[in-house]
């Protein structure tokens, strides 16, 4: 019998950006089995009329997973966007492998680097 892991996928947006209209979406499995690889995709769209500069996207991956063969814990993936033109969309994806049972949360932060 396979054990199932419940994932809470949520988003934290911490924006110190003036006049910024960012939309962040994340897709991925909510339930996975031990040993199963799960793919997650993050899409961020700049709905403003001005470019946004110097932002970082952090994806917190909790203990209970492996990312590229490394056990996680206080582990964050980081993507930097130097210039984000108005009306544009950026996509990032990653895959993790479940290695223990439990309820876990995957959280995304978007922060200004200025």
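Derivation of every value follows stated rules applied to the coordinates shown; laboratory data play no part. Please read these numbers as outputs of a predicted model, since none were measured by experiment. Neighbour counts are summed over all protein chains in view; Cβ atoms, including those assigned to glycine, are modelled from backbone coordinates with ideal geometry.
Descending by average beta-carbon neighbour count within 10 Å, the peptides 42-52, 77-87 line up as 42-52, 77-87, the highest first. Here's the picture: a label point sits 7 Å out from the Cα of residue 31 along the beta-carbon direction, and within segment 75-114 the residues with their amide nitrogen under 19 Å of it are 97-106.
Between residue 56 and residue 76, the simple spin-label model (points 7 angstrom out along Cα→Cβ) gives 0.5 nm.
Take 25, 30, 97 and order them by how many other Cβ atoms sit within 10 Å, fewest up front.
With the sparsest Cβ surroundings first, the list reads 30, 25, 97.
Take the Cα of residue 47, step 7 Å toward its Cβ, do the same at residue 90, and the gap between the two points is 1.9 nm.
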